[in-house]
Each structure stands twice: as C-alpha cells, then as structure tokens.
1. Taking D:R191 as meeting all but one of (1) facing another protein chain (nearest Cβ under 7 Å); (2) within 28 Å of the chain's Cα centre (by Cα); (3) surrounded by 20 or more Cβ atoms within 10 Å (Cβ to Cβ), write down the number of the exception.
2. From the list E:A72, E:A61, E:A38, E:A51, exactly one residue is surrounded by fewer than 16 Cβ atoms within 10 Å (Cβ to Cβ) and more than 20 Å from E:E126 (Cα to Cα). Which is it?
3. When you scan segment D:59-94, how many residues do you find that are touching a residue at least 40 places away in the same chain (Cβ under 8 Å) and more than 27 Å from D:V159 (Cα to Cα)?
4. Give the number of residues within segment B:131-146 that are touching a residue at least 12 places away in the same chain (Cβ under 8 Å) and more than 9 Å from every other protein chain (Cβ to nearest Cβ).
5. Looking at (1) surrounded by 17 or more Cβ atoms within 10 Å (Cβ to Cβ); (2) more than 8 Å from every other protein chain (Cβ to nearest Cβ), can you tell me which one D:R161 breaks?
6. So in segment B:53-73, with the set limited to residues that are within 24 Å of B:R192 (Cβ to Cβ) and in a strand (DSSP E or B), which one is farthest from the chain's Cα centre (by Cα)?
7. Would you check which residues across segment D:74-98 are part of a loop (DSSP other than H, G, I, E, B) and within 20 Å of B:N215 (Cβ to Cβ) and list them?
8. Can you tell me which residue within segment D:1-48, out of those that are in contact with a helix residue (DSSP H, G or I) (Cβ under 6 Å, 6 or more places away or on another chain) and of a type in the set (G, A, S), is modelled with the lowest pLDDT?
Number of protein chains: 6
Amino acid sequence: MNLCLAGVLDADTLQAVRTTLAGADFADGSRTAGWHAAKVKHNLQATDDGAAQRVQQALMAHELFRAAALPARLRAPLFSRYTTGMGYGRHMDDALMTAGGGASALRADLAVTVFLSEPASYDGGELVIEGPGGTSAYKLEAGQAIVYPATTLHRVADVTRGERLAAVLWVQSLVRDAARREVLFDLDTARRGLWDKAGQTATSEFDLVTKTYANLLRAWSEP
Amino acid sequence: MNLCLAGVLDADTLQAVRTTLAGADFADGSRTAGWHAAKVKHNLQATDDGAAQRVQQALMAHELFRAAALPARLRAPLFSRYTTGMGYGRHMDDALMTAGGGASALRADLAVTVFLSEPASYDGGELVIEGPGGTSAYKLEAGQAIVYPATTLHRVADVTRGERLAAVLWVQSLVRDAARREVLFDLDTARRGLWDKAGQTATSEFDLVTKTYANLLRAWSEP
Amino acid sequence: MNLCLAGVLDADTLQAVRTTLAGADFADGSRTAGWHAAKVKHNLQATDDGAAQRVQQALMAHELFRAAALPARLRAPLFSRYTTGMGYGRHMDDALMTAGGGASALRADLAVTVFLSEPASYDGGELVIEGPGGTSAYKLEAGQAIVYPATTLHRVADVTRGERLAAVLWVQSLVRDAARREVLFDLDTARRGLWDKAGQTATSEFDLVTKTYANLLRAWSEP
Amino acid sequence: MNLCLAGVLDADTLQAVRTTLAGADFADGSRTAGWHAAKVKHNLQATDDGAAQRVQQALMAHELFRAAALPARLRAPLFSRYTTGMGYGRHMDDALMTAGGGASALRADLAVTVFLSEPASYDGGELVIEGPGGTSAYKLEAGQAIVYPATTLHRVADVTRGERLAAVLWVQSLVRDAARREVLFDLDTARRGLWDKAGQTATSEFDLVTKTYANLLRAWSEP
Amino acid sequence: MNLCLAGVLDADTLQAVRTTLAGADFADGSRTAGWHAAKVKHNLQATDDGAAQRVQQALMAHELFRAAALPARLRAPLFSRYTTGMGYGRHMDDALMTAGGGASALRADLAVTVFLSEPASYDGGELVIEGPGGTSAYKLEAGQAIVYPATTLHRVADVTRGERLAAVLWVQSLVRDAARREVLFDLDTARRGLWDKAGQTATSEFDLVTKTYANLLRAWSEP
Amino acid sequence: MNLCLAGVLDADTLQAVRTTLAGADFADGSRTAGWHAAKVKHNLQATDDGAAQRVQQALMAHELFRAAALPARLRAPLFSRYTTGMGYGRHMDDALMTAGGGASALRADLAVTVFLSEPASYDGGELVIEGPGGTSAYKLEAGQAIVYPATTLHRVADVTRGERLAAVLWVQSLVRDAARREVLFDLDTARRGLWDKAGQTATSEFDLVTKTYANLLRAWSEP
C-alpha cells in the first residue's frame, strides 16, 4: 500500500512549518542512519519540537490515515533537506527505532513522507519505492503525504536543481500485518456505507459486519 | 457452538435407516474407542454402508450445516444402540481418527449426533456436553442432529428405559479454529442478506464483504 | 464462556457500594457508547473512584476469576442504572477502549457485569447474550457477577418494574484467544489437583504438567 | 505483486494453442462463475485438454514464475474469448475452487492471465486490478502472462473492437501468505547471487542463508 | 532434539538388511543431492525396496519414535556407504523432497540415520550436528538410530578406515514446530504416568490432561 | 540454546561484585520461589542494587548476548549462595515474573546464570539442564555466563564442598520463539559477514538479506 494523502497540511500549517524550519539547525543526516544505511545517506537533517507536533497532529486528524494505518504510535518527525547534488541511496529502514524520551522501542511498520516543497521548485528528489510488483516514484504537492510500507527497499533520487524539504516519520500500527490491516479497512469502509445507506441505523447486516470488525481487531491488534 | 439442526433426516430417510439397522450386526462398542475411553464405553455399535451414506448425504445437503461447519471431510457414521442400563461415561474424542479405506487420518474438529429414536420412547440417554461455561444436555427429536465441538468432555447418560439409537460422526472442517469459523459464518450471513436486500445485485458494500470473506477463507482454510 | 461468579461482593462491600452510588451523579449513558451503539443505549451512568476500586479489588481477589480470565488489565468499572422503561439494545462492545489516565488503549477481551440489585426488586433487565450456539439470559443475585466474551452481540432487556443497578467493566487478558485460555485453565486445574493428591509434593507428572503450563503461558501471553 | 512474465509461450506454442482453440466449443462464461460473479460476467469460455496442458507446462517451466509463486498445484486453464461489447465486471474470485477430476478443492492464492491475442488486434479488454494502493490496467503481448494476487477485486474492461483471447488459471501456492512468499523469494535471489559470485561454491554466508531459506520454507510451506 | 533410539533394528532384521545391501547397486551419491549440496557429497548410495520396508516398519513400530516424532509420512530410506576417504561436507537438507511414486512433496521436518555398521569396524564417519548451542558428534551401535531436526547444518566426517553403512530417511511430522512437538510429548508422558499410577483408570486430572493433549493436537496437527 | 558466554565480567567488575556481596544480607531463598518450587529450593539469596547494575550493564554490553538473545527487558539479578549441603531441586521457572518497581510483569523467555566463584573452589553445584535431547551440566569459570531457555526443567546439584556464588536473572526477548530467534541470529551473522567481505559496502545480496532481517524482525518482534 503506497497511499497518497491529500490535504495533510493546510496552507497555514505548511507556512508555519516552513518558517520554523528556516531557522532550524540542519546537520549531516548520516548520523541518524543505521550502520549500513549511513554510507548512502547524503542529506541534511533537523529536529524541531514545534514543527514536529504540528505535523503529527495534522496526520492524526486525517481520517483516511487513521482508518488505513490504524496507528498505535508515531515516531517524532525528522525534517530532511536535500540541496542540489544530494540524495539517499537504496536502503532499508530499521525495524525497531528509538522513539525518544525514554519510551520503549518503536516498531516501524509504515513510513510517511510529508512533502514540504512545491514540486516545481526542484528537479529530481523523487521518493522511489521498490514494491513487490515493480518500482514507483513519488513527488507530491507541498502539504501532501505518502504512507508506504517500511518493509520495502527505497531511495530518494538525487536532487539536480533547487531544494527538497520534507518531514519523514514512522508508524507503529495497531495491526502489524499489512494484509490484515487491509481486511479491517475493507470492513470498516463497508459498515460505514451500510450505516449511511440505512439512514444511520443498525441493520442486522450492519451488526454482523461490526461484530466481525471488532472481533478481528481483538484478535489482531497490539494496543 | 452446540448447534441443533432440524430436519436433517426426513421421514422416509429416517424410516429407511431404521429398517436397515434393524437387520445390522451390533457388537460391543468399546472395541472402537481409544485406549482410555474404552473403560467407560458401554453400548452396542454397528456400521452399515447404505445407512451411513444416507446420513452423510442428508447432512451435506443441509445448508445451515455446511455454512456453519465448513466441512472438508466427514468420517463415515457409526451407529450406536443403548439399551436399558447402558451409557458412555465422560470422555474425550481422539483428535485424529482413521477415516477408513486407506485415506489419511481425519482431524476431528466437530462431532455430530443424529438422533434416530423418538425421545418419548426411552428415558435417560441425554448427550451431556461440558462446555467452558457449564454443562448442557441434549435429547432431540428423531431426525434432528446436534453439531458440537469435539474439543469438549462429554458423555451419554445411562438409558433407564427403552432404547436409544443414534448415528455419530465427525467432521474435519476447512477451518479448524472455532472462532474463525464463526467470523466466516457471520460474514457469509451478512453478505447473503445484503445480496437479497439489494435485489440480488452487488453493491460496493457487498463487494467488500465478499472480498473479505474470500480473503479470510484463503488465509484460514486447509482444503 | 459465560462464567457466573458467586460471592464477588460480600454483604458489607455491596452495601458500601450502594450507599456511595446513592449520592453519585448519574447522566445519560449514551455519551460513552461508540458512534453506532449510542443509538440503542437508554440508561443512566455514573463513575465513582471509590466504588470502582472496591469492585475491582473484589474481582481481583476472586481466585476463579483470576484463573479463568488471566487478567492483564481491567478497565475502571462504570455504574449503570436502568429505571422502568430503560434498556440497551443489541450491540457490540468496542474492541479497543480508552482506559483513562493517559494509559494506552485497553483491548476488551472479556466483559463483566456485577449485579448490584436484588433480582426480586425489578422485572426485566436480563443481560441477554447471543452465543454461537444460542441465546442466554442472565439475572444474578446482588453481589454475583458474570464474565462473558466481549466478542458477542448482547443487550439488556427493558426494565419493566423497579430499578436495576450494576457495575460493568472489561478485561484485557494476558491471553487473548479464548480457546487458549481454556487450555491454560484446564492444565492449571489439573496440576493443582495433582499437587494436593500427592500431599503437596512434586511428582514427575506434576513437573511435566507444570512445565507445559509455563511454556504455553510463555508462548501465548502478552504481559 | 502484479508480476509480468515475458516469454511464457514461445511462437510455436502460441500458434498451436490458437489453432486448437479455433476449433473449440465456446459457451456462455457465466456458467462457471460463482453465484454472485455470474451477474457481471459477459464472455465466452472453452476448455481444451491439449491447449491447457501446453499452457500449464510452459508456465511450470518458467523459472521466475516458480521462484515467485512457489506453486503447489495449478487449476487447469480456462480459455476465455471476449468479442466486441463483452467484458467482465468487478468481481472477486472464489477462494476455493473445484480442481476437477475428483481432486480435493484448490485454494486460489494467485491468478494468472496468459494473453493470446496481439494487443494491437483489439481495443479495450484491459485486465484492471484494484490493488491496495491504487488501480492498474494490463494489456500484454501475446504469449506474455501476468500473475496477480487472487485477493484483489478486478475486472476485464469491455472490448470495443476485435477479439481478446486469453488463458486464465489459478495457483495454490506452497506458501499462502504473500509477504512470506516475498521473504522466500528475496532469500532465494540472494543465495543464488552469493553462489555465483563465489564461483559456485558454498561460503559460510551462503550456508547460513540457505539454512534460513530451508527453515522458513519448513515453517511456512503446505506441501 | 537429537534423540538416540536403541533397538530399532533387532539382530535378525539388521542381518537381513545387510545381506540385501551386499548385493545392491551402489552409485555416486551426489546425484540425489540438491544443486548446492552435490559439491560436498562424497559417498555411494543405493535404494532397495525390501530393505527400505524393513527399516521403515521397524521405525514405525518403535513407540518412543512415534511419541516424539509424531510421524505423518516417511520418505523411503536411502542406503549410504562411505568407504575410506569418503565423507559428506557441511550442508543443509532440502525442506521439500519428492517422496516418490507420484505422491505430493514431503516436508522434511526430522532426519533419521540408522547405523548399520558396528562402530568398531570403521574410524571416522561421525554424524556431526551443529545445534544452536554447540556441535555434537554421533557414532551409534549397529541397529540404533538418531532422530534430529532437519533444520540444522550437519555433515558426516571423513571415514579414515573401514566402511560405514547407514540408512537415512526423513520424517514429515504431524506437528511441524519442534517446540509444539515437545509440549505434546510432555503431556502424553504425563497422562500415561497418571493412568498407570491410578490403576489404569481415569481421574479428573487424567481427563483434563487428555483433553488438553487432544485439543492441542487438534490445533497443531496437519494430518 | 545453551549458550556459554566468555568474558561477561572482567576481573575488576568480578572483584567489585564479590566485595559488595560479602557485606550483603543473604536470606532463605525459598521465599522468592513459586508456590511449588519453594519446596525444593535450598539456598541463600540476596539483592543488591549496585552489584545488580554492574552485572546487567556487563551483559548488555556483550555483543554475542545481544545478537543471540535480542533482549527487550532484563529482570534485576538475584544473587544466590550455596554452602555445603545446599542445592536446588528440579523445577520450572515461572513464565511471568514481577519485574519490580511497579513495572508490568516480565515474561521469562531466557534464564542467565553468571558464575561468580572459581570452579576449583567448590565441589558439586553444577547447573543441570534437561534439554529435549538429553541432560547437560554446566560449571563455568568465574565471570562467565550461561544463557539457556527458561522453558526447560533444571536444577542445581548439591554443593558438597566450598561455596558457590552466582548471579541469576531472566530475559524477556524481543522475539519469544526460540526457532525464530535462531533465524534472526543466522541472518544477522550472514549479513555482517557479507558487509565485511565486500569492504563494508552494500551489495545487492547484502541489501536483500538486510531487508529480510528487518522484515522478519518487524513480523516477529514485540517491542
């Protein structure tokens, strides 16, 4: 599931995040990569609590994100900047990450990139994901995001003009298996459709689908 | 799930089975029990290919049985006769049974008792099942059947008057876990309801529930 | 497993809880139901830290409850009051609940109702549970409780006379699958019997059953 | 995984299959669809043992197909013909299919379409697959095939000119879960690379990866 | 579990097998190895239906073997001969093997070596198994056997004097996971002890352990 | 896996721990055993925060320990002293332990004994572990440790001369199943070998093995 989300950051939030990051302290990104990914990571990176909180809140308020990702915990966003000539070679994200602040390790089920630069303002910089059936490249509008399985090899193509700014973060899902998350998403979509079609009341079919949704979530979730 | 099924054998089939069994050769039932169950089994038992086939066909033609049990294979029915003073003490069915005829072992997920005697014609003889939440006793009309998990301790109470005739058999289900079978049964019931309510046409909710039913059956079935 | 527990609240505790609740602030119960259950929930509801703590402690001190439910966490009890004409239609409990106080979500594996009113003091108000094999109705003595799988559709029948007071809460079990909990309960019962029969000493059979109990708990528990 | 396979049928085999099918007896395809898919299936369909065997053998001889699909059993191919105006609406394949000839049911994990008509010879007729991340349409060269998860909703777009001939079949994989199949495919690819790079001899890394491949196949396969 | 079995072949059977093999046609063993194991396999190998059947029957009649291995299917034994200078380097057995005679593939969960030569009659030739906790070497009496997990890297040390004759075969177990097989073996041992201690009658502890044994076998077996 | 670790405590740390324990308050060890293990436990036991912290840190700094055990949490070490005549009979460790300090229960997957006395200074006192394939006895150098599955029955042989001092603790692993931990350990070993052989750069084989390691850790870990 490479799921593109429209309208994650509205214009005001986007502007606020950009302004904050303009004053942030960006450093060599290879310092936060795993021992093997460090060799291929060529970018700049910053953290900022205020900007991170805005991005996290916007994402958690996005209904499609919540229904599809079933997030249990988010890792605080990192902000990455690629200037001309920078890129991030083919790599695999670590499965377990420190979540910061003394919390226990976070299992990275899904990765999220929130694009912060207008695509017309830079060349290159596509997020390239090697899925099981082929390779896809993504370059979204500023304020849009892509959620994709952290189980894939992926890379950021070299930026050949301008600057690419993005927020990257990871999600530990309540349901770690992607096929099971899809089952729950399908059932949730179905029962919301049934509820609306029946004038917001519970038919016996609605009850059975709701029962199944709850019981599969019981069987599969790790709260 | 202790599921009572009405109308498994119609009057003609019931009569035919009884007539066949009247001439069958009944022997000490303890010979077919496992090494430990033999000590508590006091009944008479017969096999008969013709009668067995009638019972098996009637069961496989019963729609509720198929939807709830999702049968992969049936063990050929045994016919048991309890005369006054006979009973079958508390015991556990073997998990794996020889299915006869050189076939590989059958996993007994569910047990079935088809009652062949009118309940008024004998005293005692209840099938007593120790469920996780308590003990239930069953004494059904002739031609009716009970399907219950082979995972329970159970017994047949002593017959104190008359004679109790029954067919007993076991089911290897396509889906071995009872909770998963219930999920599939609920979804199947829901989608058939949706199909009928929409005038036998596929709504998007029907498609999603059907997709989920098929994908869970893929994930869980052992054909 | 619909398991009825005798003697959860002794007479003094029952009286203390009732007295506390007499002064509590009961409000429309539909406010704490999920988006779809709210439509069928017609009762009054209160929270009270002191009364909740008494109920929780009494439950955790009940040996049969602990052995059968293997509780990891309890949700703080809610107190519900049904006066004449009130009831709670057929519904499904949410699989994941906020546990309050900043704690992470609680997975509701089992539901518990502790009856606080004498059954003779009201008509109706049965707890009706749709199990896989049929429907059961429960109306217990004051101070008794029923533990049942939160995986069932259930309802509270309309109260037609008097008032029904009860505590309701949910259990996240160390072992989420009901069939596995039953295996552990059986083995625990067996080894305690062996221990006592052998004069509180370890036979080799006791050691093997204890080893198996511990290893299955290792394999299945989510502490 | 929507995996396109080049060179499944060579020119001679393709010609032989086409010639055989020219004389085959095509009938209304809705007769072999499930009760709900029948309503949206508008095509013609034929079976032919000789043509089926050629397609099956060609597929099983295709190394990439074997490595990626880990086939346990194939359902005998059906041949479908869409003339102008025909199509197959959105539907879900059954999870369990009769495999013919008295064999036990086949679990359809993967679906395969082998294209038999040149794409320039007809308009429309794309195979449209709704993946978790979006919808993809496929129209391959004659003799090429696509393997895709039977877990998806899919359809064949209406043919608006010419005729579309194809073979369709299903695969029960040794490994039913798609994510696990991908793990095995990755490890198999890695160890073949290691073997070749080391001059076709076993390094200790080769031994460990081979050990892991074999042990995961032991843990996950259903032979 | 590296389990040594005494008395698999009695003196007569051992003699009969040896006599048969004296006239058998031994060929280069590398022809039956997988593509990568062939490079390190230096021995001679023969098949013989009569000798194979004797070994298989003796093994299936060995109670400890059946209880510990829970065999579903055996691959027909191969007979291997190592003369001076021969050995079989470190390798991994294939997870899936052709079982011969058109049968479906056999999953090799356990490997068995039945020693046919007296240990004093040859030097070297130890079976060396790399377990997770260290390496063990085995050289048993003629007629004895070792059962070990096929999940291990293992080898046969070079023979430096005399000749080593052995039968090797593989077991597909009813229960593929080794830890689960151990749980079942422990419970089976416990309940047989309880049965004998109670004078071959069923106590309530016996019933509970038997129930658990049967239900875990139901949950875990692949008949 | 009974894994012996060399060099867990260096000479200075060992000395410091011994000195601290010389002044510690040792009490009857049976007080911390489970209800059934207490009967066979005859030793003295102490806790000491400083000594415990030294042992824990030394263990967590041991690379082989981390790679093989994949520790999520450690229970604080207990220090046990066996003087002449003391021993600890055959027993099973509890599956769930209080971890102290209000933390939630710890699942004991692995047990660790760090030997603190020189083996020549006492007779007896071997740690005897009943593995599935036989019984092993361990008596290591001071400062060495053994890590073994808490799933085994084990005992400490009676000390017949001198005094045996040891630290004992338990590990909740990120990966509870031993066979899965071994798969991860094998892959981790393989990819570190590949990295070094290729001059610390990522080959495509390294990428695939790393991808698989990360994805299996995602699928199996419980952070």
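1. Of the numbered conditions (1) facing another protein chain (nearest Cβ under 7 Å); (2) within 28 Å of the chain's Cα centre (by Cα); (3) surrounded by 20 or more Cβ atoms within 10 Å (Cβ to Cβ), the odd one out for D:R191 is (1).
2. Working: E:A72 fails: surrounded by fewer than 16 Cβ atoms within 10 Å (Cβ to Cβ); E:A38 fails: more than 20 Å from E:E126 (Cα to Cα); E:A51 fails: surrounded by fewer than 16 Cβ atoms within 10 Å (Cβ to Cβ).
Going through E:A72, E:A61, E:A38, E:A51 in turn, just one is surrounded by fewer than 16 Cβ atoms within 10 Å (Cβ to Cβ) and more than 20 Å from E:E126 (Cα to Cα): E:A61.
3. Let us first name the residues in segment D:59-94 that are touching a residue at least 40 places away in the same chain (Cβ under 8 Å), namely D:59, D:62, D:64-65, D:67-94.
Within this subset, residues satisfying the condition of being more than 27 Å from D:V159 (Cα to Cα) are D:62, D:64-65, D:67-74.
So the answer is 11.
4. Here is the first cut: in segment B:131-146, the residues touching a residue at least 12 places away in the same chain (Cβ under 8 Å) are B:131, B:136-146.
Among the residues that remain, those that are also more than 9 Å from every other protein chain (Cβ to nearest Cβ) are: B:137-146.
Looking only at that region, the number is 10.
5. D:R161 satisfies every listed condition except (1).
6. Top of the filtered list is B:A72.
7. Here is the first cut: in segment D:74-98, the ones part of a loop (DSSP other than H, G, I, E, B) are D:75-77, D:83-86, D:92-95, D:98.
Hits for segment D:74-98 are D:R75, D:M92, D:D93, D:D94, D:A95, D:T98.
8. D:A38
The values are calculated or read from the model by the stated rules, or taken from the named source; none is laboratory data. What you are looking at is a predicted structure, and each value in this text was computed from that prediction instead of being measured. Ideal geometry is used to build each Cβ from the backbone, glycine not excepted, and the neighbour counts take in all protein chains shown.
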